[in-house]
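All remarks here apply to the structure that follows.
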Amino acid sequence: MRIVITGGAGFLGSHLCDNLLKKGNEVICLDNLSTGSVENISHLLGNDRFRFYKHDVTEYIFIGQPIDAVMHFASPASPRDYLEMPIQTLKVGALGTHKALGLAKHERARFLMASTSETYGDPLVNPQPETYWGNVNPIGLRGVYDEAKRFAEALIMAYHRYHGVDTRIARIFNTYGPRMRPHDGRVVSNFIVQALRGESLTVYGKGDQTRSFCYVEDEIDGLVRLLMAPDSEDIHYPVNIGNPHELTVLEIAETILKLTRSSSKIVLEPLPEDDPKVRRPDITRAKELLDWTPKIQLEEGLYRTIDYFRSKLGSI
Ligand code: UDP
């Protein structure tokens with residue numbers, strides 16, 4: 001297949017490029033490098049089945065070759081990034097999704113979007129099944145990301161229903177692993193970098209809020225399965241892709257301290273506005289439709305991620 005990946009130089013996008021190239025596909029990577037980095041894809045630049053274009057996908061996308069699939073992964077994804085780039089976040093979720101869908105429609109290509117557990121907002125139901133409509137504050141600081149992704153989901157369903165595009169929506173839960181940026185502000189990267197540097201781990205609030213963390217390799221496997229799954233009535237509705245192993249932020253801090261053998265302290269800092277109190281995916285649909293369950297245990301995934309950040313420490 002010839003596959004366009006928007007945001008292909010980002011954390012998830014670059015792992016997707018690797019996975020799909022390894023399976024013999026051709027990959028065209030688009031990224032405006034606002035949060036992605038050429039470093040994530042530099043090892044692919046000599047591959048003749050790989051091309052990279054620096055392009056902002058809120059602008060018209062022209063490829064000039066037949067395309068089999070479009071995977072729309074362009075967007076700031078860390079709360080710190082989308083708080084700093086609120087308008088770009090709304091634009092890439094709305095205009096960028098429109099452009100990417102337009103390309104898929106024109107090429108009769110399959111379309112898959114990276115949606116998010118943030119569509120559930122601060123959920124009143126735990127775990128979250130895809131049928132839950134969510135509890136989102138549209139005018140809060142996080143609303144720029146949540147509503148951009150919710151709009152994107154609505155637009156995708158409209159392109160599916162009205163134009164017959166073969167679309168898929170992955171709701172991605174917290175994912176971690178190599179190629180996270182040391183300073184992107186997310187909890188796993190923050191805590192590992194702080195622990196390795198002997199700095200205090202910054203737990204927001206009391207640390208009793210929960211998240212469920214999926215190792216990147218498992219996440220990518222689920223996403224590729226969703227892309228490759230045969231067309232059916234049910235496959236067009238959102239599918240949660242995440243690891244249901246739920247723990248508190250304090251537990252993740254303690255686990256990282258243990259695995260890094262760090263003597264760093266834990267300090268409590270104010271809880272950001274609208275920070276969800278709980279989050280855990282119900283993955284029944286992913287199991288049934290994709291025969292997918294995450295395989296990599298938290299400690300194993302964290303060891304691999306810690307190794308990655310150890311090797312990066314010299315340059316940060
Ligand atoms: N968090 C924290 N300390 C940090 C970074 C994040 O306590 O240095 C908390 C944050 O308040 C949230 C959770 O960890 O409750 C996950 O935050 P992250 O930014 O990774 O992603 P989110 O799940 O909120 O989108």
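A short reminder: the numbers here are calculations on the coordinates, not readings from a lab. Small disclaimer: the values here were computed from a predicted structure and weren't measured. Don't worry about glycine lacking a Cβ; one is built from the backbone with ideal geometry, like all the others, and counts go over all protein chains shown.
Just a few scattered comments:
- Members of the range 257-278 found to be surrounded by fewer than 18 Cβ atoms within 10 Å (Cβ to Cβ), in a helix (DSSP H, G or I) and of a type outside the set (Lys, Arg), listed by number: Leu259
- Given (1) within 16 Å of the ligand (Cβ to nearest atom); (2) crowded, with 23+ Cβ neighbours inside 10 Å; (3) without any contact (Cβ under 8 Å) to a residue 60 or more places away in the chain, index of the condition Glu147 fails: (2)
- Comparison of Ile67, Ile63, Ile87 shows that the only residue that is more than 16 Å from the ligand (Cβ to nearest atom), aliphatic (A, V, I, L, M), farther than 20 Å from Lys23 by Cβ and not in a helix (DSSP H, G or I) is Ile63.
- Flag if Arg161 is surrounded by fewer than 20 Cβ atoms within 10 Å (Cβ to Cβ) and without any contact (Cβ under 8 Å) to a residue 12 or more places away in the chain: yes
- Search result, residues across the range 103-121 that are within 16 Å of the ligand (Cβ to nearest atom), under 15 Å from the mean Cα position of the chain (by Cα) and assigned to a strand (DSSP E or B): Ala114, Ser115, Thr116
- Tally of residues being closer than 17 Å to Glu269 by Cα and either more than 7 Å from the ligand (Cβ to nearest atom) or among the charged types (D, E, K, R) (or both) across the range 202-213: 3
- Residue check for Ser189: among the hydroxyl-bearing types (Ser, Thr, Tyr), crowded, with 19+ Cβ neighbours inside 10 Å and within 11 Å of the ligand (Cβ to nearest atom): yes
- Residue match in the range 279-288 (condition: of a type outside the set (Lys, Arg), surrounded by fewer than 20 Cβ atoms within 10 Å (Cβ to Cβ) and within 16 Å of the ligand (Cβ to nearest atom)): no
- Scanning the range 26-49 for residues that are under 15 Å from Asp68 (Cα atoms), surrounded by 18 or more Cβ atoms within 10 Å (Cβ to Cβ) and touching a helix residue (DSSP H, G or I) at 6+ places or on another chain (Cβ under 9 Å) yields a total of 3.
- In the set Glu246, Glu254, Glu233, Glu217, only one residue is surrounded by 15 or more Cβ atoms within 10 Å (Cβ to Cβ), free of Cβ contacts under 8 Å to residues at least 60 places away in the same chain and more than 11 Å from the ligand (Cβ to nearest atom); that residue is Glu254.
- Filtering the range 1-45 to residues that are among the charged types (D, E, K, R) and assigned to a strand (DSSP E or B) leaves Arg2, Glu26, Asp31.
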